[in-house]
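One structure is given below, encoded as structure tokens.
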């Protein structure tokens, strides 16, 4: 039986793996949005801060109590928000991930919550989670198709999980992120990978088949910087590898080197505009060092 590994893809995206995209691929003015803007997506909604103070599990559980306690601690330490539905769903996702990281890939979870304490600024809740573990799976193998620029042996080495190990959602997500980084260093800006799973329920094994879409390899055609005087602009641009393959890692290191001048980093895509010429295989980069207006 074959299933799309949608949960792993979503998890890997939320972590990036672990984080915002390196640069913006959208057209427009990079200064149109600023981190300090009142309409920033990072702005927290008003309301009492909800935290999970107690987590209990029920069901016919095989997982050792010590590992259950680790999952419960992760939920309590990392889950919070201002909407009860969102906090509950986030807590459930962490529970689900905890079981999937320990081989129970088809685990099903449901939860009930109750309020322990409440005030205008904070609310503490208890979460009772019913867990249907399902079978525990090991990894049989990982295979790749449609890869050309990087060999299958090298791609396989980017996944920190060996054949025969307990299947781990986190390790697979880490491997998918490593794929993205590896291709990003070779100029494959539009690289994507889609993993499929194959379940052998009789032997409790999972195989992954990862369909690689490398896309086109891009070279840096030009770099422009706004908001700097000419001397500073020339100083910043003198060591940027124009004409070479676009390398995301080198671009990140370059931004870090000139942070004192540019005042933004690779984790801040609001100041970076990237225009791709698909036909020519080139990318033009514009960096906006102008300060954001006061909110």
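Rule-based calculations on the coordinates, nothing more; no lab input. None of these values were measured; they are calculated from a predicted model. Here the Cβ is made from the backbone with ideal geometry for all residues, glycine too, and neighbour counts use every protein chain on show.
Sort 84, 176, 155, 228 so the one with the fewest other Cβ atoms within 10 Å of its own Cβ comes first.
Sorted ascending by nearby Cβ count, the order is 84, 228, 155, 176.
Here the residues 202, 235, ranked from fewest to most Cβ neighbours within 10 Å of their Cβ, fall in the order 202, 235.
Quick one: pull the percentage of alpha-carbon pairs in region 75-117 with a separation above 13 Å.
More than 13 Å apart: 57 percent of the Cα pairs in region 75-117.
Computed from the alpha carbon atoms alone, the convex hull of region 97-144 holds 108 Å³ per residue. When all alpha carbon pairs of region 183-264 are counted in 5 Å bins from zero, the resulting P(r) reads 3, 12, 16, 15, 12, 10, 8, 7, 6, 4, 4, 2, 1, 0 %. Summary value for region 219-288: 45 percent relative contact order, contacts being C-alpha pairs under 8 angstrom separated by 6+ residues.
Taken along its principal axes, the alpha carbon cloud of region 219-288 reaches lengths of 35, 25, 18 Å, longest axis first.
Orientation-averaged projection of region 175-226 equals 4.9 nm² [convex hull of Cα atoms, one quarter of hull surface area].
Among 53-64, 69-80, how do they line up by average Cβ neighbours within 10 Å per residue, starting with the highest?
Values: 53-64: 13.8, 69-80: 16.5.
Result, highest mean first: 69-80, 53-64.
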